[in-house]
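Engineer: Pasting a structure below so you can have a look.
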Amino acid sequence: AVVSTQSTGVGCTFDSCMGCDMCEEGEENYCKNGGHTHTYNDMKKHGHIGGNLDTQTFGGYSRSQVVHERFIIILPEGMPLDRAAPIVCAGITMWDPLRHWGATKTDKKMNIGIVGVGGLGTMGIKLAAGLGHTVTAISTSNKKKELALSKGAENYVVSSDARARSQVNNLDLILNTIPVAHDIQPYIEMLGTNGTLVQLGLVGTPSPIVPFSLCMNRKSVSGSLVGGIPAVQEVIDFCFEKNIYPDTELIDTSQLGDVYDKLESGNDGGIRFVIDIEKSAAM
């Protein structure tokens, strides 16, 4: 139970039906009755939220939020709030596929690839390395090599270099964070036997796949969307225990225009920008 003196957070899931089999398994993000209520820009459809039900959720732009206690994430005492915030978004996005495909619950050391070295990718590198796995960062150029290695990657592959790609064919799991349309076949070829490529970027256009390349070594392509409440609590506790945090910059709302311009041109430093709501409200 949550007590009033605890620091708490709300992740990507604001509400769900709480009665379907996915919700009962702690996978509220895959709620079968209309989907979960997303924390930002979603309608309050499940009936467990008070306030004006005709307005959408506003996520991190809100000064306060009222949610059912099931969806409250307890932050360990001493965890910095500005660095905890991205963990319940970017952190769980990377943690849940690691969890689902066995990287968090086994003593077996895995070879894990992270495609894209931005805000999501750098967090994925830190988490996978923190779990003791061998991490290969994959990006389109050498520009982010030093960044990736500094976050815990042991290997770095330039995906536009066919020769470099051909030397890697043993990855057990690849987490692909690229959010725009692109060819995923080169990443499939980097998987080992029984390997899985997990799509995390919300791309809405088709991507061709060579089925033969899946058959020969029983490879798979899948997807993942954030994580359920138990998994969010799990990644928060893990990050606190291991002192693993996203790279953040605290801003106020007057800086949002500049921040969006930076993100549009590419997040070269893998920074997660966190809004200081109280400071912004006082301006």
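Engineer: On the basis of being assigned to a loop (DSSP other than H, G, I, E, B), among the β-branched types (Val, Ile, Thr) and at pLDDT 95 or above, does VAL226 make the cut? Give the steps one after another, and end with the answer.
Structural biologist: Values: assigned to a loop (DSSP other than H, G, I, E, B): yes; among the β-branched types (Val, Ile, Thr): yes; at pLDDT 95 or above: yes.
In short, yes.
Engineer: If GLN255 meets every condition in (1) part of a helix (DSSP H, G or I); (2) without any contact (Cβ under 8 Å) to a residue 24 or more places away in the chain; (3) surrounded by fewer than 15 Cβ atoms within 10 Å (Cβ to Cβ) apart from one, which number is that one?
Structural biologist: So GLN255 meets the others, but not (3).
Engineer: Same structure again: Which of the residues belonging to region 121-152 are small (Gly, Ala, Ser), open to solvent by 10 Å² or more (accessible area, probe 1.4 Å) and not in a helix (DSSP H, G or I)?
Structural biologist: GLY132, SER139, SER141, GLY152
Engineer: From (1) closer than 23 Å to GLU27 by Cβ; (2) β-branched (Val, Ile, Thr); (3) open to solvent by less than 20 Å² (accessible area, probe 1.4 Å); (4) assigned to a strand (DSSP E or B), pick out the condition that doesn't hold for VAL157.
Structural biologist: Among (1) closer than 23 Å to GLU27 by Cβ; (2) β-branched (Val, Ile, Thr); (3) open to solvent by less than 20 Å² (accessible area, probe 1.4 Å); (4) assigned to a strand (DSSP E or B), the lone unmet condition for VAL157 is (1).
Engineer: Let me ask something else about it. So, of the residues in region 264-283 that are in contact (Cβ under 8 Å) with a residue 60 or more places away in the chain and part of a strand (DSSP E or B), which turns out to be nearest to LYS151 (Cα to Cα)? Steps first, please.
Structural biologist: Looking only at region 264-283, we keep the residues that are in contact (Cβ under 8 Å) with a residue 60 or more places away in the chain, and these are 266-272, 274-278, 281.
With the extra rule that they be part of a strand (DSSP E or B), the set shrinks to 272, 274-275.
On the way: ARG272: 14, VAL274: 20, ILE275: 24 Å.
Ranking the candidates gives ARG272 first.
Engineer: For region 10-34, enumerate the residues that are surrounded by 18 or more Cβ atoms within 10 Å (Cβ to Cβ) and either part of a loop (DSSP other than H, G, I, E, B) or in contact with a strand residue (DSSP E or B) (Cβ under 8 Å, 6 or more places away or on another chain) (or both).
Structural biologist: Selection gives VAL10, GLY11, CYS12, THR13, PHE14, ASP15, SER16, CYS17, GLU27, GLU28, ASN29, CYS31.
Residues checked against (1) touching a residue at least 12 places away in the same chain (Cβ under 8 Å); (2) closer than 29 Å to THR253 by Cα; (3) charged (D, E, K, R); (4) in contact with an Asp or Glu (Cβ under 8 Å, 6 or more places away or on another chain):
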position	(1), (2), (3), (4)
THR8	yes, yes, no, no
TYR30	yes, no, no, no
ASN52	no, yes, no, no
PHE58	yes, yes, no, no
GLN65	yes, yes, no, no
ALA85	yes, yes, no, no
GLY91	yes, yes, no, no
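Okay, residues lined up against (1) within 27 Å of LYS143 (Cα to Cα); (2) at pLDDT 95 or above:
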position: ILE209; (1), (2): no, yes
position: SER213; (1), (2): no, yes
position: VAL221; (1), (2): no, yes
position: GLN233; (1), (2): no, yes
position: TYR245; (1), (2): yes, yes
position: LYS262; (1), (2): yes, no
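Engineer: Restricting attention to region 180-238, which residues are in contact with a Lys or Arg (Cβ under 9 Å, 6 or more places away or on another chain) and open to solvent by 40 Å² or more (accessible area, probe 1.4 Å)? Lay out the reasoning, then the answer.
Structural biologist: Just the residues of region 180-238 that are in contact with a Lys or Arg (Cβ under 9 Å, 6 or more places away or on another chain), to begin with: 186-197, 213, 227, 229, 231, 234-235.
Of everything in region 180-238, those that are in contact with a Lys or Arg (Cβ under 9 Å, 6 or more places away or on another chain) and open to solvent by 40 Å² or more (accessible area, probe 1.4 Å) turn out to be GLU189, THR193, ASN194, GLU234.
Engineer: OK, next. Restricting to region 256-283, count the residues that are more than 15 Å from GLY60 (Cα to Cα) and polar (S, T, N, Q).
Structural biologist: Counting residues in region 256-283 that are more than 15 Å from GLY60 (Cα to Cα) and polar (S, T, N, Q) gives 2.
Engineer: Taking the condition of being out of contact with any strand residue (DSSP E or B) (no Cβ under 6 Å at 6 or more places or on another chain) and open to solvent by 60 Å² or more (accessible area, probe 1.4 Å), how many residues in region 69-115 meet it?
Structural biologist: Counting residues in region 69-115 that are out of contact with any strand residue (DSSP E or B) (no Cβ under 6 Å at 6 or more places or on another chain) and open to solvent by 60 Å² or more (accessible area, probe 1.4 Å) gives 10.
The values are calculated or read from the model by the stated rules, or taken from the named source; none is laboratory data. None of these values were measured; they are calculated from a predicted model. In this analysis, Cβ positions are derived from the backbone assuming ideal geometry, glycine residues included, and neighbour counts consider all displayed protein chains. Protein only, heavy atoms only, side chains kept; ligands, DNA and RNA dropped before computing areas. Shrake-Rupley method; radii C 1.70, N 1.55, O 1.52, S 1.80 Å.
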